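The structure under discussion appears below in the form of C-alpha cells.
A short reminder: the numbers here are calculations on the coordinates, not readings from a lab. Quick caveat, the model's predicted, so the values are computed rather than measured. In this analysis, Cβ positions are derived from the backbone assuming ideal geometry, glycine residues included, and neighbour counts consider all displayed protein chains.
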Amino acid sequence: MIKSKLPDVGTTIFTVMSQLAIEHKAINLSQGFPGFDTYPYLRDLLAQYVAEGYNQYAPMTGVPELKKRIASKTANLHDVEFDPEEEVTVVSGATEALYAAISAVVDIGDEVIILEPAYDSYAPAVRLNGGTPIYVPLNLPDFSVDWQKVKDAISDKTRLIVVNTPHNPGGYVWTGKDLDQLYGLIQNREIYVVSDDVYEHIVFDDNRHLPLYTHEGLRARTFSCGSFGKTFHVTGWKIGFCLAPKKLSQEFRKIHQFLTFSTSTPMQYALADFMENPSRYIFLNEFYQKKRDLFLKGFKELPFKFIPTQGSFFQVVSYAHLSNEKDTELAIRMTKDFGVACIPVSVFYHDKQDHKLLRFCFAKEEEELYKALELLKKLRF
C-alpha cells in the first residue's frame, strides 16, 4: 500500500468544471485558458523550426536566443538587467517554475506564507518539500493585502512568502506601497519570495504591473515565475521561465534539471523569433481590456455585485446579497441548468471558506461572451 504524500488532494476543480461543461454542452468560463487560437505567425514559426530539424534536447537552462529575449523584455519594460546565461531559466510551464523555486529554498520544518485565496499548486509544493503552509487571508472585496496579518504570521520558522500579482482569482495588482511593505517585514530576516507573475502583461485601466525585482531590496531574494502560455495564447505549450539572481538561479536549476531537464526546443526558437517585435506583448492589455469591458457591461445588467478586476483574465462576482447557496452547488447548477461554467472561489481557500463568490474567465471570443451573458440572465436564486 502506497502512503500518499498528498492524501487530501484529488482532481482539481478546474478539471471537474471543464468536464462538467463538456458533458452539459455549457460555455466554459471556468478554466483559465484562452478560447481562441494563438497567432498564425507563431504557428508558422513553430512549423518552420520543426521542419528544419530543431527537435532534439534544448540546453538545460533554455535556448540562448529565448533567454536573451526574456532579459531584453525585462530591461525594456522595467529597466532591470538580468544576465541571460546566469539569471534566466526556461522551464516547462510556470507551475514547474513555482515548484522548482519553492523546492530550492524550503526544507523540513520551514513555514511558508500563502495569501488566500490562492492558486492551488502553491501549498502542495510546500508540503511535498516538508514545509508548512501558513495561510493569510486577503482583504475582501478587493483582494488587497492586510499587511498587519502578514506581519503577525511571520515567525522564526518563516522561510518563504508566495506572491501573486496580478492576482488569480481576485485580479488585484500590487502597488509600490505593497512592495515597500513586504520588504519592510523581511529585510532583517532570511525570508525569500516566490512571485507568480503569469498575468504580467494583462493589466487594466491605470494600473501597472510592478514585478518584485523592480524593488532594489526585494530583487536579491525573489524568484519571479512567468509564462508564455497566458501571454501568447499557447497554454498547451507549457513553457515558462524564472528570473532570479545568480545564487538563487543556481539552486533553482539544480531542481529543474531533475524535474524536466529541458523544454521543447522548436517552441523555444519560435517564441524567440516571435518576441523580436515587442508590440506582441506590450499591447496585450488593450486586447484583454476590450473583453473585460464587454463582459462587465453585460454583468451590470445582472444582479451580481463586483469590483472590476485590475488584472488577469478573470472577474470575481458576489451573490452574497442574493442567496445562501453554497458556491460549489451554485457553480454546478449554473453549468447543468443554465449552460455557463465558472469556478467557485471557495476552492482557492485551504479550508474552503465560502464567501459566495464566483470566478469567470473572459479570455474568450466576444460571441461566446455575449451568449454566456444572455444565458446568465435566466439565472434564478
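Points worth noting:
- Helix-only [θ]222 nm of the chain, DSSP H runs n ≥ 4, -39500 (n - 2.57) each, per residue, nearest 500: -11500 deg cm²/dmol
- Here the extension length gained between Y39 and D206 equals 57.4 nm, from 0.36 nm per residue of separation less the Cα-Cα distance.
- Percent RCO, i.e. relative contact order, over the stretch 139-263, from Cα pairs under 8 Å lying at least 6 residues apart: 20
- Net charge contributed by nearby residues that have their C-beta within less than 13 Å of S279 (K/R +1, D/E -1): 0
- Were the residues from L296 through E86 laid out at 0.36 nm apart, the gain over their Cα-Cα distance would be 71.3 nm.
- Scaled radius of gyration (Cα, divided by 2.2 N^0.38 Å) that the chain gives: 0.97
- Rounded FRET efficiency, nearest 0.05, which uses the C-beta distance separating E365 from F287 and R0 of 22 Å: 0.95
- The stretch 243-346 - Kirkwood radius from inverse mean 1/r over Cα pairs (Å): 18.3
- Reach of K378 by Cα under 27 Å, taken over lysines that are not fewer than 8 positions away in the same chain: K25, K290, K291, K297, K300, K305, K326, K336, K356, K364
- Short-range pairs are left out: with C-alpha atoms under 8 Å and at least six residues apart, the relative contact order of the chain is 25 percent.
- For a straight C-alpha distance cut-off of 20 angstrom, no lysines are reachable from K3 once same-chain residues fewer than eight places away are disregarded.
- Loop sites in the stretch 57-127: GluC sites (Glu not before Pro), DSSP, at most 15 other Cβ within 10 Å: E81
- Net lengthening on full extension, R333/L375 (0.36 nm per residue, minus Cα-Cα): 13.8 nm
- Between the C-alpha center of the stretch 326-381 and that of the stretch 61-77 there is a gap of 38 Å.
- For the stretch 179-244, the fraction of alpha-carbon pairs in successive 10 Å shells from zero, as %: 20, 43, 28, 8, 0
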